[in-house]
Structures are given as structure tokens and as C-alpha cells.
Amino acid sequence: MPFRQLGLAEPILLAVRDAGYTEPTPIQIDAIPVVLQRQDLMGIAQTGTGKTAAFVLPLLSLIAAHRPQHRGVRALIMVPTRELVVQVEENIRIYARHLPLRVATIFGGVSERPQIKALQHGADIVVATPGRLLDIIRGREASLRDLEFLVLDEADRMLDMGFIHPIRQIARLLPRERLTLLFSATLSREIEQLSREFMTVS
Ligand code: AMP
């Protein structure tokens, strides 16, 4: 199946072609149309299946489709590690190269200041580890009240690493009306519970 049939916006199809992708992977074929219809989604997928593009491509398409007046964060992608923050951000930059979007990254182990500044200057998409993000929004340095899209990536690893508490705290500060996508390499009772807690459809 060609990418064109999935309903993605033109600048994204162009970026996918620039990246040298000829066909969507199975998880992309399944997930992209669901996200484009603004339906919550839980995906069970390992790394290496193309799952990052499966959520980034349709999110970019939705974000590009309309520009609100506010400068607040529109999409939050939470991942377990700093390495993954960097990796997801690199993916976003590749797929958003024909779009005027601002991406900010948030993770621990480095100074908070530049991260706070990036948020305050206005970021459309934030890729973050939960602990540092919670510290920043608790300090009222940035708000997530305009959020439209939440992604929990590698949710099983986030649970294993004890991030359930900051994730719940952050979720309390987000609008209830939003799209939520949850990706996990494994399906466990805890992941099902998380999906019930965070999503309207699982
Ligand atoms: P991920 O599962 O998100 O870690 O992606 C694994 C690798 O697959 C990354 O290096 C992507 O650049 C690549 N990739 C994602 N989608 C496609 C596609 N449709 N065709 C070829 N490579 C892809």
C-alpha cells in the first residue's frame, strides 16, 4: 500500500519520500488512519517496527491542519529515557522538515533553564521524560492547558521505571478532551489498567 492512501498531509508525504520510505509498515497501516480520525489508540509494538512514525506522522498531519491562536504546547510525547527523547525528536525533525513547527525536549540530568526557556518561547510539540517534566510544570514555569495530543510511548518501560506517579500527576494537569495514544512492547494487566485510566477507547 502506498503512503498516499493513508490520508496524510502533503508536506508529510514529501518528508516520508525524502526519508526514502517506499511503503508504510504494518503498524503504520493500522495506526495512521485511526489517529487521523482522532480516535484514541493503544498499540502493542516493539522498537524497529516503525512505531515512532506510526504516531508522529498522523500527529504532524493533525497539527498542521489547523493553527490555533494560542502559543501553548499542542502535543506531548512522554518516553522513559533521555536517549529516547533524543531519538523521537530526531524523527520528528525528519518528518516535520516541510512544516513550521517548534519542538522542545525535556529530560533530567542537565540544567532546567534552557528547557524552560524553550517551553516559554512556545513549542508545538514537547518530547519529555515524566520526572523532569513534572518538576517544570509544578514550578508553574510552563502550562499544558492547551494540550490536544498525548502520547505515552514505551509505556511498559515507563511503568517498570516507576514513572506511574509523575505520569498520573501530569495527566491531571491536561485537558480531558484530548487525543491519547499509548504504545507498549508488551501487554500486561498494568498496561490495560493504564489504558483504561487514560484513554476513552482502548
Ligand atoms: P521505530 O520502530 O520507530 O524505532 O523505527 C525503526 C526504524 O524504521 C527507524 O530507523 C525508522 O527510520 C525506520 N522506518 C520507519 N518507518 C519506515 C518505513 N515505512 N519504511 C522504511 N523504514 C521505516
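The values are calculated or read from the model by the stated rules, or taken from the named source; none is laboratory data. What you see is a predicted model; the values in this text were computed from it and never measured. With ideal geometry, Cβ positions are generated from the backbone for all residues, glycine too; neighbour counts draw on all protein chains shown. When the accessible area is computed, the model is the full protein with side chains, heavy atoms only, and any ligands, DNA or RNA have been set aside. Shrake-Rupley method; radii C 1.70, N 1.55, O 1.52, S 1.80 Å.
Quick one: which residue in Gly7, Gly20 is open to solvent by 20 Å² or more (accessible area, probe 1.4 Å), in contact with a helix residue (DSSP H, G or I) (Cβ under 7 Å, 6 or more places away or on another chain) and modelled with pLDDT of 95 or more? On inspection, the qualifying residue turns out to be Gly7.
Given Ser195, Ser188, which one is out of contact with any strand residue (DSSP E or B) (no Cβ under 9 Å at 6 or more places or on another chain), on the phi < 0 side of the Ramachandran plot and modelled with pLDDT under 95? Reasoning before the result, please.
Numbers: Ser195 fails: out of contact with any strand residue (DSSP E or B) (no Cβ under 9 Å at 6 or more places or on another chain).
Going through Ser195, Ser188 in turn, the sole match is Ser188.
Can you name the residue in region 114-159 that is open to solvent by 30 Å² or more (accessible area, probe 1.4 Å), of a type in the set (D, E, K, R) and at pLDDT 90 or above and is also farthest from Leu187 (Cα to Cα) among such residues?
Lys117
Residues that are without any contact (Cβ under 8 Å) to a residue 60 or more places away in the chain and among the polar types (S, T, N, Q) within region 144-202 comprise Gln169, Ser188, Gln193, listed in sequence order.
Residue check: is Leu76 open to solvent by less than 30 Å² (accessible area, probe 1.4 Å) and more than 16 Å from the ligand (Cβ to nearest atom)? Talk me through it step by step, then tell me what you get.
Numbers: open to solvent by less than 30 Å² (accessible area, probe 1.4 Å): yes; more than 16 Å from the ligand (Cβ to nearest atom): yes.
Taking the combined requirement at face value, the residue satisfies it.
Selection of helices (runs of 4 or more DSSP H) fully inside region 139-199 by the criterion of at least 2 residues being touching a Pro at 6+ places or on another chain (Cβ under 6 Å) returns 155-160, 164-172.
A count restricted to region 12-50 and to residues that are acidic (Asp, Glu) and in contact with a His (Cβ under 6 Å, 6 or more places away or on another chain) stands at 0.
The residue that is nearest to the ligand (Cβ to nearest atom), among those in region 43-58 that are of a type in the set (S, T, N, Q) and modelled with pLDDT under 95, is Thr47. Residues considered: Ala104, Ala31. Of these, the only one that is in contact with a helix residue (DSSP H, G or I) (Cβ under 7 Å, 6 or more places away or on another chain) and within 16 Å of the ligand (Cβ to nearest atom) is Ala31. If you go through region 102-131 and keep only what is among the hydrophobic types (A, V, I, L, M, F, W, C) and more than 14 Å from the chain's Cα centre (by Cα), you end up with Phe107, Val110, Ile116, Ala118, Leu119. Report whether or not Ser188 is under 20 Å from Ile27 (Cβ atoms) and buried (at least 20 other Cβ atoms within 10 Å of the Cβ). For Ser188, the condition - under 20 Å from Ile27 (Cβ atoms) and buried (at least 20 other Cβ atoms within 10 Å of the Cβ) - is not met. Of the residues making up region 84-100, those that are open to solvent by 20 Å² or more (accessible area, probe 1.4 Å), more than 12 Å from the ligand (Cβ to nearest atom) and either assigned to a loop (DSSP other than H, G, I, E, B) or acidic (Asp, Glu) (or both) number 5. Taken as a whole, the structure places Pro11 among residues that are in contact (Cβ under 8 Å) with a residue 60 or more places away in the chain and away from the ligand (no atom under 12 Å from the Cβ).
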